[in-house]
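Before any comments, here is the structure.
The values are calculated or read from the model by the stated rules, or taken from the named source; none is laboratory data. Since we're looking at a predicted model, the values are computed, not measured. Cβ: placed from backbone, ideal geometry, glycine included. Neighbour counts: every protein chain shown. Side chains included, ligands, DNA and RNA excluded: accessible areas come from the protein's heavy atoms. Shrake-Rupley method; radii C 1.70, N 1.55, O 1.52, S 1.80 Å.
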Amino acid sequence: MTCINQYTNPKSTNNMSITILGSRGSMPVSSPETARYGGNTSCYLIETDSEAIIIDAGTGIMRLPDIGDRHLSLLITHTHIDHILGLPILLSALKGKEISIYGVTRDGLTVKQQLERYVSTPLWPVTIDKYGDNIDFHEIAEVATFAIGEVDVTTMPSNHPGGATIYKLTNNVVSVTVATDFEHEIAESDQDPLYSLADFAAGSRMILYDSQYTPEEYKKCRGYGHSTYEKAIELQKITNVNEILLVHHAPNHTDEFLESLQRQIDALELGAHIIFASEGYTFLL
Ligand SMILES: [Zn+2]
Ligand SMILES: [Zn+2]
């Protein structure tokens, strides 16, 4: 797999790439101590020849490159604020370009209604409709299969407070699974969400996996809806997917800290790439 550390309008032989526009979790951060991995929140750009599909509209969306005349779509995992903070910036940059926005109804609110909780007064000066009639909303089921042009999309529900959606995107050749805001265990239950995720993600070229906590931190944060790099390693072993990107970095995890965790993972010599995602990097799948 080729990794490009600067956006270059990528072309892969498999006609699919993913660019990390933001992989911080919970809150954006900005300081010299977080410059390497980046401080922007959840936003991933998946591109093929004809499609530009964004997963989540965190502050990373401000890094969206020129996508030319490709069809633009936005898949929302859920509307916790770190996943939608950048939405008005995207909408104001559209200038008439059409966008399809997909998401699940939660708490009895359609995806548009959820987004309007934020994009409306008094939290934001205007409502979504003020950005034009070029925005097309699609309600999807928790478990859904649909197509965006040449890309097949399947979903599964994540184990996360209030719910979240895990997406798998396939272009007939390769697949990528994005499992952010996912917790690997359910309290007082014998269900094992990690195995459900492994079944769902099987055959993917790459999995993005929520690794907000260290195993030590996780003990104090059970039920918060996030996971660990240790579970990412377990997922790699179950699925045999050799490219795992660790995402949703905790706001207080500095570059130095993430680098130290990365060294611990590398020392295990697992024979797979399990790496903390860095903002701005593109992977040709
Ligand atoms: Zn989040
Ligand atoms: Zn969340």
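Remarks
- Of interest is the spacing of the C-alpha centroids, which for the range 264-285 and the range 181-247 amounts to 15 Å.
- Surrounding net charge for GLY25, when Lys and Arg each add one and Asp and Glu each subtract one, Cβ distance under 9 Å: -2
- For the range 1-152, averaging the sequence separation of C-alpha pairs within contact (under 8 Å, six or more residues apart) and dividing by the residue count gives a relative contact order of 17 percent.
- Local net charge near GLU98, Cβ-Cβ under 13 Å (Lys/Arg +1, Asp/Glu -1): -1
- Packing-based ranking of 191-200, 41-50 yields 41-50, 191-200, ordered from highest to lowest mean Cβ neighbour count within 10 Å.
- ³J(HN,Hα), Karplus 6.51/-1.76/1.60, whole Hz, each residue of the range 84-93, x for Gly, Pro: 9, 3, x, 3, x, 5, 5, 4, 6, 8
- Percent accessible area from carbon and sulfur atoms, the chain, protein chains only, probe 1.4 Å: 49
- Take each peptide in 14-20, 167-173, count the other Cβ atoms within 10 Å of every residue, and average; sorted highest first, the result is 14-20, 167-173.
- All C-alpha pair distances within the chain, sorted into 10 Å bins from zero, spread as 7, 31, 39, 20, 4, 0 percent across the bins.
- Here the range 121-276 carries DSSP beta bridges of which approximately 50% are antiparallel, counting only pairs with both residues inside.
- Averaging the sequence gap over all C-alpha pairs within less than 8 Å and six or more residues apart, then dividing by the number of residues, gives the chain a relative contact order of 22 percent.
- Lysine pair count for the chain with Cα-Cα distance under 15 Å and sequence separation of 8 or more or different chains is 4.
- Of all beta bridges that DSSP places with both ends in the chain, some 50 percent have antiparallel geometry.
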